[in-house]
1. Provide the packing ranking of 53-64, 69-80, i.e. peptides ordered by the mean count of other C-beta atoms within 10 Å per residue, highest first.
2. According to the Cα gyration tensor, what semi-axes, each the square root of 5 times an eigenvalue, does the equivalent ellipsoid of the range 38-130 have, listed from largest to smallest in whole Å?
3. Karplus couplings for the range 108-125 from phi (6.51 cos²θ - 1.76 cosθ + 1.60, θ = phi - 60°), rounded to Hz, Gly and Pro as x?
4. Can you list the HN-Hα couplings for the range 47-63, worked out from phi with the Karplus curve (6.51, -1.76, 1.60; θ = phi - 60°), rounded to whole Hz and with x for Gly and Pro?
5. In whole Hz and in residue order, list the ³J(HN,Hα) couplings for the range 84-94 that follow from phi through the Karplus curve 6.51 cos²θ - 1.76 cosθ + 1.60, θ = phi - 60°; x for Gly and Pro.
6. Counting only residues 5 or more places away or on other chains, whose amide H sits under 5 Å from the amide H of GLY61 once H atoms are built in the peptide plane?
Amino acid sequence: MLKPFLLICAAALFSIAPSTVSAAPPQDAAAKVPAKVTPETQAKAQKLYARDCALCHGETGDGKTDLAKDMQLTMIDWSDSKTLANRQDQELFKIIRNGKDKMPAEDSGRAKDDEVWNLIVYIRSLGKAQPAAPATPTAATTAPAPGN
Ligand code: HEC
């Protein structure tokens, strides 16, 4: 007699999160955020990031910007994927939405919830892109990477 109950549970679970599974995620980080993540929404996120975030956090996410220096901000280097690895998406969402210390809030007039989630996926992708990019000549010579 458990079966109908289980079916109802399963149905309820699926109905709670309809929008999370609507698109094939381009990155694994996308699987976790409650928003549609596609190459198009990521392209939008990149523009939004360049407009509202890069002046402090930097195009590459390393936080080494003139403004951060001028404001004496302590920035985390997102181009190293380890720096955000143990931060929850929910926490990052709150910081972006509400601001924190000297970081200004990104209010809903500038970015909708979906767009903030896409910003988070975008920010995490900055860290992931790092090992593949031959940033310095020395890095390229120490990583021959045959099978890839
Ligand atoms: C005026 C400079 C400034 C701007 C503009 C800015 N930030 Fe920040 N941001 C900061 C600072 C400073 C912190 C660290 C806050 C703290 O923990 O004290 C931070 C922290 C964060 C964090 C938490 C993780 C971390 O590195 O500490 C996220 C996520 C973040 N910012 C995203 C964004 C996004 C997305 C935008 C654009 C919508 C943005 N920021 C715009 C200065 C800025």
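1. The packing order, highest mean first, is 53-64, 69-80.
2. They are 18, 16, 13 Å, listed largest first.
3. Running phi through 6.51 cos²θ - 1.76 cosθ + 1.60 with θ = phi - 60° gives 5, x, 9, 8, 6, 3, 3, 6, 5, 4, 5, 4, 5, 4, 5, 4, 5, 5 Hz.
4. Values, residue by residue: 5, 4, 4, 4, 7, 10, 10, 5, 4, 9, 7, x, 4, 8, x, 7, x Hz.
5. Per residue, the Karplus-derived 3J(HN,Hα) values read 9, 4, 9, 9, 6, 4, 4, 5, 5, 4, 4 Hz.
6. The answer is none.
Each value in this text was obtained by applying a stated rule to the coordinates, not by laboratory testing. All of these numbers come straight from a predicted model, not from anything done at the bench. Don't worry about glycine lacking a Cβ; one is built from the backbone with ideal geometry, like all the others, and counts go over all protein chains shown.
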